[in-house]
Amino acid sequence: MSTFAPDLSVEKVTHSRLNELNSDKIPFGKVFSDHMFVASYDEGNWQEAKIVPYGPVEMAPSLSALHYGQAVFEGMKAYKSPAGEPLLFRPEANFERINLSAQRLCMPAISKDVFLAGLTELIRLDSNWIPAGEGSLYIRPIYFATDELIGLKPSESYKFFIITCPVGAYYSQPVKLIVTEQYVRACEGGTGAAKVAGNYAASLLADKEAKAQGYDNVIWLDAIHRKYIEECGTMNLAFVIDNVVVTPKLTGTILNGITRNTVLTLFRDMGVAVEERLVSIDEIVEAYDGGVLMEAFGMGTAATIAPISTINYQGRDLTLPPVSEYKYSHAVGQKLEDIKTAKCEDPYGWVVRV
Ligand code: COI
């Protein structure tokens, strides 16, 4: 991994806010660490890479990202090893994915030096913010258009920030999901596989309606048949049917989750049968009725491995077995946690010490 970008300047806070943090009760995504990384793209080049105290940024109301949504982001986490070293998990995968998302929105690629050197230096500087024990430091790279222009065209200037926040669980309870047939998240040829801000904005109404009915979030179906399971919006989904892990295949309309890829790799290494294929909601109902739907769970950076307790489809609640009996997702979740915190062997070199 690269070290410093040659012109990375660092302005440190004079007073850390860390001792104001109640580490027993960390709300997800609301408390930010002392510093942030920022780099600008202008006149065809990345420039002005710097680390500065976390805080508000000035912007013009004509900022093109606000009008036309040229904005992409990533989600990653830093952990501590038992010896207290800061660790990143698969940062190169996030680097590659943010540039795929950027390409889809006609934004220039972020240079590797800017992304990885900014990330590494920021995590080193704020490593005290990585919670010890349970919890992690959530890292949010965010990249958006900054031309001041009311006119639809790709921006010529951009800003790339990395901010971080100490977090606990995204879902503190087993998750209850409801299948939506009314709304769709993505369609073929659209932006479903990219981590673009607009995908999340477009999910909010369905999410709000799900919450009003007592569910945590929705299960999206494919846009054409309203039949095949896509994802949840906050995470990819998997099911254990008759001891086989089944997950929707990457059709171009769902996010290519780094946690999803990691979990499937670990399951295969554990000798568990994994199928990536179209999964219809009818198949899930049939498996449930036939007594072979053993587990359902989500996979994501924020959500980690989130056991699902209920799936509502067409007014019927499928109440899954007690999540305490979920041996597959529990075992893979434990393995993943051990790798991320350097408590066991890391055969794929996923963990990067910063
Ligand atoms: C992540 O898991 O990192 C995400 O970006 C999902 C978001 C809903 C928190």
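The values are calculated or read from the model by the stated rules, or taken from the named source; none is laboratory data. Predicted model only: the values in this text are computed from it and were never measured. Cβ sites come from the backbone with ideal geometry, for glycine too, and all protein chains shown count toward neighbours. Heads up: the accessible areas ignore ligands, DNA and RNA and are worked out on the full protein's heavy atoms, side chains in. Shrake-Rupley method; radii C 1.70, N 1.55, O 1.52, S 1.80 Å.
Label-to-label distance for ASN22 and GLN213 is 3.5 nm, based on points extended 7 Å past Cα in the beta-carbon direction. Sequence-ordered 3J(HN,Hα) estimates for the range 94-99 from the Karplus curve with 6.51, -1.76 and 1.60 and θ = phi - 60° stand at 5, 4, 5, 5, 5, 6 Hz, glycine and proline given as x. Taking amide hydrogens as placed 1.01 Å from N in the peptide plane, the amide H of HIS35 sits under 5 Å from those of TYR54, each at least 5 positions away in sequence or on another chain.
Average accessible surface for the range 255-304: 37 Å² per residue, computed with a 1.4 Å probe over protein heavy atoms with every protein chain in place.
Here the Gaussian network model covers the chain, with springs between Cα atoms less than 10 Å apart; of ALA306, ALA331, ALA102, ALA331 fluctuates the most. Could you state the number of Å between the C-alpha centres of the range 320-354 and the range 82-120? Each part reduced to its Cα centre gives a spacing of 22 Å. Protein heavy-atom surface of the range 1-133, 1.4 angstrom probe: 51% of the accessible area is carbon and sulfur, with nucleic acids and ligands not counted. Over 31 Å apart at the Cα level, from the set LYS25/LYS343; LYS112/LYS327; LYS50/LYS211; LYS208/LYS340; LYS80/LYS227; LYS77/LYS176, are LYS112/LYS327; LYS50/LYS211; LYS208/LYS340; LYS80/LYS227. Comparing ASN22, PRO248, SER136 along the charge dipole axis of the chain, the residue lying farthest to the positive side is ASN22, per the Cβ-charge model.
Hull volume per residue, based on the alpha-carbon atoms of the range 66-184 and their convex hull, is 146 Å³. Counting only DSSP beta bridges whose two residues both lie in the chain, roughly 80 percent are antiparallel. Taking the chain as a Gaussian network of alpha-carbon nodes connected by springs under 10 Å, the highest mean-square fluctuation of the residues ILE150, ILE241, ILE308 belongs to ILE150. Between the helical axis of 197-212 and the longest alpha-carbon principal axis of the chain there is an angle of about 50 degrees.
Measuring nothing but how far apart in sequence close Cα pairs (under 8 Å, 6+ apart) lie, relative to its length, the range 229-317 scores a relative contact order of 37 percent. Built from the Cα atoms of the chain, the convex hull projects on average onto 18.3 nm², one quarter of its surface area. Note on the chain: GNM, Cα springs under 10 Å; of MET59, MET107, MET235, the largest mean-square fluctuation is that of MET59. For the range 69-206, the per residue solvent-accessible surface stands at 39 Å², with DNA, RNA and ligands left out and a 1.4 Å probe.
Distance between the modelled labels on HIS67 and GLU96, one decimal in nanometres: 3.6 nm (7 Å Cα→Cβ projection).
Between the range 26-71 and the range 209-254, the alpha-carbon centres lie 32 Å apart.
Using a simple spin-label model with pseudo-atoms 7 Å out from Cα toward Cβ, ARG353 and ASN256 lie 3.1 nm apart.
Magnitude of the charge dipole for the range 268-354, about its Cα centre and with charges confined to Cβ atoms of Lys, Arg (+1) and Asp, Glu (-1), is about 400 debye.
Taking Cα centre as origin and charging only the Cβ of basic (Lys, Arg, +1) and acidic (Asp, Glu, -1) residues, the dipole magnitude of the chain rounds to 280 debye.
Within the shell of other residues whose beta carbon sits under 10 angstrom from the beta carbon of PHE89, the net charge comes to +2, with Lys and Arg scored +1 and Asp and Glu -1.
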